[in-house]
Amino acid sequence: MENSDEENELPNPNNNNDIDEEIDDDEYEDEEEDDDNDDDDVVSHFPNPQSPLSQLREQRFKFETLSRRLSSELVPIRVHDILINGNTKTKDWIIEAELKGIENATTVQELLRASEIALARLRNLGIFESSKVRLEPGPPELPNTTNVVIDVVEAVNKVSGEFGVFTKPATSSWTAEGTLKYKNFLGYGDLWDASVAYGANQATELSVGVYAPRLKGSLTPLVARLSMLSQDWQEFSSYKEQLLGLSLGLISTKHHDLAYTLGWRTLTDPSQMSSRSIRRQLGHGLLSSLKYTYKVDRRNSPIRPTKGYAFVSTTHFGGLTPDQRGLRFLRQEFDVRYAVPFGFYNTALNLGISAGAVFPWGAGFMDRPSPVPERFYLGGDFSPVCTLGGPMTLWGFKTRGLGPTEQRRRSIDGISGEDDDSSKWDSIGGDLAVTAFADLSFDLPIRWLREHGIHGHVFAGAGNTAKLTQNEYKHFSPRKFLDSFRTSVGGGFVIPTTLFRLEGNFYYILRQDEHDRGKTGFRFSFSAPS
């Protein structure tokens, strides 16, 4: 292979011009390379803008990557700070109290769960139109940290009102109720309300109350209410009751509730026809009492429970005053419910048993009567399935329709007749009460009814009350008490709503005493969960 002369030509060391030209060429090339590098730096600092479609794809890719990582592993994180924006009137510590769990989160998964719980608590305050949680990067010198930002919008309209009219077909009566509320007056998340309720020939109540979710340094909300209650029991027990009082919530948690009540109670008999037991308790009395309630409700629905259980225990202690006019009593109630699912047609069997007792206390307490308003009265056309809180109702019996009775005194003129008051009896209540029921609910075969929750049920109930005070306990026999249980059965349909339970039932009374007010037949009833 031949080489050309040009390829083998060596540079002449004495030729300085050639060397200078080569040096100049090298410097020129170096300058060009530097210029190219500078251009690259300019391009790197000012990248070409991405199209909206490219940005969307990039964000989607990042989101999918994060989702896969969150689902496959625990992502560590630490909350550096919590920032609150938008609260112009609400105190910061009111909002911070609802954010428990966020600052202690150690993973992203824990932080997301804690944020969801915090948002639900903020919504339950009822003082914000909206609330949001944002996560922002923490300081660069602190890796794996985030700042939690809470954005709230306080409600512009702080005043709200409600009004409703409710009927009771079983007693042919009605009740009108109205409430006016003002939110966040003091900036503590407080809720002020004024309520009025009027029922024809029944109860009238005026009340003013305040609810503050949590005062600074307090673990429980503040609940206080000043009320004036007037109840007319002349049709059933020949007396009217008026109570002016103040109630104060001391403890209120998920399962525990403790309240104190101070009031002045007055019993009157405008007809002057009441029985001897009622007349002996007419007049004034000072009510100073503590009421403690323990409640666990694990049922899947308070309107139509198909599985789960519930338990309520209520202890009411009256007489926390040295005044001799104070009402001294101890009242204890228990209520147990259990729902058993059958697995077909949404069929479930609800079982329940309730019991309660009330006694006066003090010197010679067994010789003294218990306060008439604190005794147990059974009856009323409302369902025991969703009514939780002690022995109160029995299917097929009217309000205060069973239990101990006493004849009213005769009219002054001594004239007797079929409609004369002398032939009527007062329901005086019992010191001991027990009720039990079984309710079998099932879906109906029509699809439209199933979609709207309308279902059928058959039921059976039993209950009884007895008097134990004033030495009546000496004549009490458990066997006789069980043998004298009033019983009823029936069936019908149920229309559940979010607020109440409407039933159309046919009742059949199996057993009742002479002066009981039970009636076989078809009737409608409304029941609200308690």
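The values are calculated or read from the model by the stated rules, or taken from the named source; none is laboratory data. The shown structure was predicted, so the numbers you read here are calculated from the model rather than taken from an experiment. Every residue, glycine as well, gets a Cβ built from its backbone with ideal geometry; the counts of neighbours run over all protein chains shown. Quick note on the areas: whole protein, heavy atoms, side chains included, nothing else; ligands and nucleic acids left out. Shrake-Rupley method; radii C 1.70, N 1.55, O 1.52, S 1.80 Å.
Among residues belonging to the stretch 121-137 that are in contact (Cβ under 8 Å) with a residue 24 or more places away in the chain and part of a helix (DSSP H, G or I), point out the one that is most open to solvent (accessible area, probe 1.4 Å).
Leu125
Restricting the search to the stretch 273-323, which residues are in contact with a Ser or Thr (Cβ under 7 Å, 6 or more places away or on another chain), open to solvent by 50 Å² or more (accessible area, probe 1.4 Å) and within 27 Å of Glu406 (Cβ to Cβ)?
Passing the criteria: Leu282, His284.
Yes or no: the stretch 248-255 includes at least one residue that is crowded, with 18+ Cβ neighbours inside 10 Å, in a strand (DSSP E or B) and under 21 Å from the mean Cα position of the chain (by Cα). Please lay out each step first, then the result.
Initially, the stretch 248-255 is screened for residues crowded, with 18+ Cβ neighbours inside 10 Å, giving none.
The answer is no; no qualifying residue exists.
So the check is Cβ under 7 Å with 6+ separation or different chains; which pairs have a first residue in the stretch 470-486 that's in contact (Cβ under 8 Å) with a residue 60 or more places away in the chain and closer than 21 Å to Phe365 by Cβ and a second one that's among the acidic types (Asp, Glu) and open to solvent by 70 Å² or more (accessible area, probe 1.4 Å)?
Every condition considered, the pairs that remain are Gln470/Asp367; Asn471/Asp367.
Is it true that some residue in the stretch 394-403 is open to solvent by 60 Å² or more (accessible area, probe 1.4 Å) and either part of a helix (DSSP H, G or I) or modelled with pLDDT under 95 (or both)? So that I can check it myself, show each step before the final result.
First, pick out the residues of the stretch 394-403 that are open to solvent by 60 Å² or more (accessible area, probe 1.4 Å): 398.
Applying the additional criterion that residues be either part of a helix (DSSP H, G or I) or modelled with pLDDT under 95 (or both) yields 398.
Among the residues of the stretch 394-403, at least one is open to solvent by 60 Å² or more (accessible area, probe 1.4 Å) and either part of a helix (DSSP H, G or I) or modelled with pLDDT under 95 (or both), which makes the answer yes.
Filtering the stretch 95-120 down to residues that are outside any helix (DSSP H, G or I) and closer than 20 Å to Val75 by Cα, which residue is nearest to the chain's Cα centre (by Cα)? Lay out the reasoning, then the answer.
We begin by selecting, within the stretch 95-120, every residue outside any helix (DSSP H, G or I); these are 100-107.
Next, from what is left, pick out any that are closer than 20 Å to Val75 by Cα: 101-107.
Working: Gly101: 22, Ile102: 24, Glu103: 27, Asn104: 27, Ala105: 27, Thr106: 31, Thr107: 31 Å.
This residue is Gly101.
Residues Ala155, Ala118: which one is under 14 Å from Asp190 (Cα atoms), small (Gly, Ala, Ser) and open to solvent by less than 30 Å² (accessible area, probe 1.4 Å)? Talk me through it step by step, then tell me what you get.
Working: Ala118 fails: under 14 Å from Asp190 (Cα atoms).
Matching residue, one of Ala155, Ala118: Ala155.
Scan the stretch 233-247 residue by residue and report those that are without any contact (Cβ under 8 Å) to a residue 60 or more places away in the chain and surrounded by 18 or more Cβ atoms within 10 Å (Cβ to Cβ). First the steps, then the outcome.
Initially, the stretch 233-247 is screened for residues without any contact (Cβ under 8 Å) to a residue 60 or more places away in the chain, giving 234-235, 240, 242-247.
Residues satisfying the conditions are Leu243, Gly245, Ser247.
Does any residue of the stretch 439-459 turn out to be open to solvent by 30 Å² or more (accessible area, probe 1.4 Å), in contact with a Lys or Arg (Cβ under 9 Å, 6 or more places away or on another chain) and part of a strand (DSSP E or B)?
Of the residues in the stretch 439-459, the ones open to solvent by 30 Å² or more (accessible area, probe 1.4 Å) are 440, 442-452, 458.
From what is left, the residues that are in contact with a Lys or Arg (Cβ under 9 Å, 6 or more places away or on another chain) are 443-444.
Next, only the ones that are part of a strand (DSSP E or B) stay: 443.
Yes, because at least one residue in the stretch 439-459 is open to solvent by 30 Å² or more (accessible area, probe 1.4 Å), in contact with a Lys or Arg (Cβ under 9 Å, 6 or more places away or on another chain) and part of a strand (DSSP E or B).
Of the conditions (1) open to solvent by 90 Å² or more (accessible area, probe 1.4 Å); (2) in contact with a Pro (Cβ under 7 Å, 6 or more places away or on another chain), Glu162 fails just one. Which one is it?
All conditions pass for Glu162, except number (2).
Considering only residues that are modelled with pLDDT of 85 or more and over 27 Å from the mean Cα position of the chain (by Cα), look in the stretch 145-193 and name the one that is farthest from Pro76 (Cα to Cα).
Taking the candidates together, the pick is Val149.
Does any residue in the stretch 101-117 that is farther than 19 Å from Pro143 by Cβ come within less than 6 Å, Cβ to Cβ, of a residue that is β-branched (Val, Ile, Thr) and open to solvent by 70 Å² or more (accessible area, probe 1.4 Å) six or more places away or on a different chain, and which pairs are these?
That search, which allows pairs on different chains as well, returns nothing.
For the stretch 318-327, enumerate the residues that are over 10 Å from Gly285 (Cβ atoms) and at pLDDT 90 or above. Before the answer, list the steps.
Applying the first criterion (over 10 Å from Gly285 (Cβ atoms)) to the stretch 318-327 yields 319-322, 324.
Residues satisfying the conditions are Gly319, Leu320.
Of the numbered conditions (1) assigned to a strand (DSSP E or B); (2) open to solvent by 70 Å² or more (accessible area, probe 1.4 Å), Gly492 fails exactly one; give the number of that condition.
(2)
For the stretch 331-352, enumerate the residues that are in a strand (DSSP E or B) and either more than 30 Å from Leu286 (Cα to Cα) or open to solvent by 80 Å² or more (accessible area, probe 1.4 Å) (or both).
Here is the first cut: in the stretch 331-352, the residues in a strand (DSSP E or B) are 331-341, 348-352.
Result: Phe334, Val336, Arg337, Tyr338, Ala339, Val340, Pro341, Ala348, Leu349, Asn350, Leu351, Gly352.
Filter the stretch 198-225 down to residues that are of a type in the set (S, T, N, Q) and closer than 30 Å to Thr399 by Cβ and give me whichever is modelled with the highest pLDDT.
Applying the first criterion (of a type in the set (S, T, N, Q)) to the stretch 198-225 yields 201-202, 204, 207, 218, 220.
Right, trim to closer than 30 Å to Thr399 by Cβ and you get 201-202, 204, 207.
Values: Asn201: 59, Gln202: 70, Thr204: 86, Ser207: 93.
So the residue we want is Ser207.
Do we have Ile82 as assigned to a loop (DSSP other than H, G, I, E, B) and either aliphatic (A, V, I, L, M) or under 20 Å from Gly189 (Cα atoms) (or both) here?
On the way: assigned to a loop (DSSP other than H, G, I, E, B): no; either aliphatic (A, V, I, L, M) or under 20 Å from Gly189 (Cα atoms) (or both): yes.
No, not satisfied.
Looking at the stretch 353-365, which of its residues are more than 20 Å from Asp323 (Cα to Cα) and open to solvent by less than 70 Å² (accessible area, probe 1.4 Å)?
Ser354, Ala355, Gly356, Ala357, Val358
What's the number of the only condition in (1) at pLDDT below 75; (2) of a type in the set (S, T, N, Q); (3) in contact with a Lys or Arg (Cβ under 8 Å, 6 or more places away or on another chain) that Asn48 fails to meet?
Failing condition for Asn48: (3).
Are any of the residues in the stretch 320-330 under 30 Å from Asp443 (Cβ atoms), of a type in the set (D, E, K, R) and in contact with a strand residue (DSSP E or B) (Cβ under 6 Å, 6 or more places away or on another chain)?
Of the stretch 320-330, the ones under 30 Å from Asp443 (Cβ atoms) are none.
Checked against the condition, which is being under 30 Å from Asp443 (Cβ atoms), of a type in the set (D, E, K, R) and in contact with a strand residue (DSSP E or B) (Cβ under 6 Å, 6 or more places away or on another chain), the stretch 320-330 yields no hits at all.
Among Tyr260, Tyr182, Tyr198, Tyr211, which is touching a strand residue (DSSP E or B) at 6+ places or on another chain (Cβ under 7 Å) and surrounded by 18 or more Cβ atoms within 10 Å (Cβ to Cβ)? Reasoning before the result, please.
On the way: Tyr260 fails: surrounded by 18 or more Cβ atoms within 10 Å (Cβ to Cβ); Tyr182 fails: surrounded by 18 or more Cβ atoms within 10 Å (Cβ to Cβ); Tyr198 fails: surrounded by 18 or more Cβ atoms within 10 Å (Cβ to Cβ).
On inspection, the qualifying residue turns out to be Tyr211.
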